[in-house]
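Nothing in this text is a laboratory measurement; each read-out follows from the coordinates by a stated rule. Owing to the predicted nature of the structure, the values given are computational and were not obtained by experimental measurement. Virtual Cβ from ideal backbone geometry, glycine too; neighbours counted across all protein chains shown.
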Amino acid sequence: MAEIRTRIAPSPTGFAHVGTLRSALFNFLFARKNHGKFVLRVEDTDQNRLVEGALEDVVKVLHDFKLDPDEGFVWDNGVKEQGPYAPYLQSKRLPIYKKYAEELIEKNHAYYCFCTPQRLEDLRKSQEAQKLPPKYDKLCLSLSKEEVQQKLANNEPHVIRLNVPADQTIRFTDLIHGEISISTNDIDDQVLLKSDGFPTYHLAVVVDDYLMNINYVLRGDEWLPSTPKHILLYSAFGWPSPQYAHLPLLLSKSKKKLSKREGDVAVKDFLAQGYLPEALLNFVALLGWNPKTEQEIFTLDELIEQFSLDKVNKSGAVFDLEKLDWINGLYIRKLSLEELFARISEYLSEAKTAPREFVLKILGLEQGRLKKLSEIGDRVRYFFHEPEYDPALLVWKKGSAETAKQNLIMLSSVLSNFDKSEFIKDNLELKIKNLITEKDLTNGEVLWPLRVALSGLEASPSPFEIMDAFSALPGGKEIILKRLQNAINSLA
Ligand code: GLU
């Protein structure tokens with residue numbers, strides 16, 4: 001059997017979005033699972049919509065997600081091109097498309113069209129008025145060879161159009177959607193080569209997939225309506241068409257099509273928010289692919305092993321941010337503290353200057369609670385800056401300001417007698433809880449004001465944990481006592 005070759009062929013018209021990542025992942029998995037090759041080709045035929053940095057972005061994203069292609073554009077300290085079918089950038093392949101477009105003219109499967117934009121516009125309007133679908137009326141197909149030659153010799157602006165035959169049925173089997181058939185009467189005489197010499201997507205994608213030996217095309221459902229045109233082109237060339245698998249649309253929670261214009265679907269935005277690449281990838285794997293087991297957390301190797309196209313759904317895949325948060329939280333908890341430390345510094349500027357031990361302790365407290373790395377700054381600000389809060393927060397719900405104050409004074413005097421080495425969570429907990437029992441107090445009326453005095457927050461780790469973390473700081477004991485004093489003063 002021929003080697004399986006898949007590809008993604010993004011257009012550099014924006015930054016890689018989650019749909020691109022999903023296509024890349026599925027193509028990568030299918031290629032790896034079948035010991036085939038995965039190619040990254042870039043389709044920059046729409047030169048008006050190019051976005052600076054977009055090519056680099058998609059190559060880097062694949063690298064960051066460990067989906068490096070075998071051929072085409074790869075990341076190696078920058079964008080590199082490699083592989084036997086270079087160039088993999090369509091704008092560098094213009095003579096190839098021209099040659100193949102002309103070959104189709106020879107075979108009567110395509111023709112030159114010299115119609116002006118004005119004529120096409122008038123045609124469209126009159127069809128609209130008659131409630132007909134917009135279609136080119138093949139006017140230029142009736143030009144004689146001599147007329148065509150004359151117009152070409154006069155440099156009249158022209159395009160090359162596909163000559164779609166009437167009354168035929170195009171049939172193909174999509175590996176996800178099954179049998180699909182469509183009448184050629186519903187297909188327009190598509191432009192293949194534009195007047196500026198650039199191919200349209202339809203011509204370029206078919207020529208390149210063929211020349212690059214791509215035999216499996218896995219792409220988003222939005223390309224399904226284009227596929228009959230591609231099949232028509234393959235048969236016009238006399239080439240075998242690849243197998244197609246159209247992946248379900250990505251839907252927002254309100255079941256609308258997720259669009260890159262909605263902003264936050266760019267992969268780099270997700271990474272910037274502190275989603276871990278491995279968590280995002282795990283989440284994206286489940287967008288349309290159903291392992292048919294209870295398993296929800298997968299390594300890349302497990303995905304390669306378990307992936308198959310018959311477990312890809314037909315219906316749209318809902319992009320559920322809550323699920324992404326949940327998966328990301330799980331992945332954050334799986335990191336060692338050292339790994340978390342390494343990844344957190346861009347979200348926590350203090351981590352770069354504060355003593356490492358201190359930061360590690362703080363991370364240890366937050367690791368189980370974080371859903372994304374970007375939350376860390378707000379959650380742990382009180383460790384680095386004296387908290388500001390309403391003194392009323394110091395009062396336990398069943399207590400009074402007076403008891404809160406007395407208890408803080410008591411704690412302050414006990415803690416000031418502790419040796420630095422005693423500020424260890426278990427020890428603090430034991431001693432303070434003994435004190436509470438001895439004095440016949442309740443946990444709430446003592447520990448609540450203590451915790452608030454330290455953190456200024458309604459919810460935070462326990463006061464023992466907070467003090468334990470501060471003890472990793474030179475002067476940590478003094479910080480603790482100072483915060484108790486601030487609280488006492490605020491209750492005056
Ligand atoms: N250039 C198209 C895109 O931007 C490729 C579609 C396909 O995979 O055929 O996604």
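Only one residue in Val59, Val42 is away from the ligand (no atom under 14 Å from the Cβ), of a type outside the set (Lys, Arg), farther than 18 Å from Pro242 by Cα and buried (at least 23 other Cβ atoms within 10 Å of the Cβ). Which one?
Step by step, each of Val59, Val42 is checked, and only Val59 is away from the ligand (no atom under 14 Å from the Cβ), of a type outside the set (Lys, Arg), farther than 18 Å from Pro242 by Cα and buried (at least 23 other Cβ atoms within 10 Å of the Cβ).
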>> What's the number of the only condition in (1) part of a loop (DSSP other than H, G, I, E, B); (2) within 12 Å of the ligand (Cβ to nearest atom); (3) of a type outside the set (D, E, K, R) that Pro84 fails to meet?
In response: (2)
> Do you know which residues across the stretch 302-320 are part of a helix (DSSP H, G or I), out of contact with any Lys or Arg (no Cβ under 6 Å at 6 or more places or on another chain) and either among the small types (Gly, Ala, Ser) or surrounded by 15 or more Cβ atoms within 10 Å (Cβ to Cβ) (or both)?
Replying inline: Leu303, Gln306, Leu309
> When you look at Gly274, is it at positive phi, in a loop (DSSP other than H, G, I, E, B) and of a type in the set (Gly, Ala, Ser), yes or no?
Replying inline: yes
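Test Gly72 against the stated conditions and say whether it is more than 22 Å from Glu278 (Cβ to Cβ) and away from the ligand (no atom under 14 Å from the Cβ).
It is false that Gly72 is more than 22 Å from Glu278 (Cβ to Cβ) and away from the ligand (no atom under 14 Å from the Cβ).
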> Which number in (1) surrounded by 19 or more Cβ atoms within 10 Å (Cβ to Cβ); (2) assigned to a helix (DSSP H, G or I); (3) away from the ligand (no atom under 11 Å from the Cβ) marks the one condition that Leu192 misses?
Replying inline: (2)
> When both residues are 6+ apart or on different chains and their Cβ atoms are under 9 Å apart, which pairs have a first residue that lies in the stretch 327-352 and is touching a residue at least 60 places away in the same chain (Cβ under 8 Å), and a second that is surrounded by 14 or more Cβ atoms within 10 Å (Cβ to Cβ) and among the basic types (Lys, Arg)?
Replying inline: Tyr347/Lys372
> List, please: which pairs have Cβ atoms under 8 Å, are six or more places apart or on different chains, and start with a residue in the stretch 25-39 that is at positive phi and end with one that is assigned to a loop (DSSP other than H, G, I, E, B)?
Replying inline: His35/Glu3; His35/Ile4
>> Residue pairs, Cβ under 8 Å, 6 or more apart or interchain, first in the stretch 83-101 and on the phi > 0 side of the Ramachandran plot and surrounded by 16 or more Cβ atoms within 10 Å (Cβ to Cβ), second of a type outside the set (Ser, Thr, Tyr) and part of a loop (DSSP other than H, G, I, E, B). List them.
In response: Gly83/Asp70
> Among the listed residues Ala204, Ala245, which satisfies the condition of being among the small types (Gly, Ala, Ser), over 26 Å from Ser315 (Cα atoms) and within 16 Å of the ligand (Cβ to nearest atom)?
Replying inline: Ala204
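Does Val18 meet the test of being of a type in the set (A, V, I, L, M), within 20 Å of the chain's Cα centre (by Cα), surrounded by fewer than 15 Cβ atoms within 10 Å (Cβ to Cβ) and within 16 Å of the ligand (Cβ to nearest atom)?
No, not satisfied.
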> Is there a residue in the stretch 369-379 that is loosely packed, with under 14 Cβ neighbours inside 10 Å and outside any loop (DSSP other than H, G, I, E, B)?
Replying inline: yes
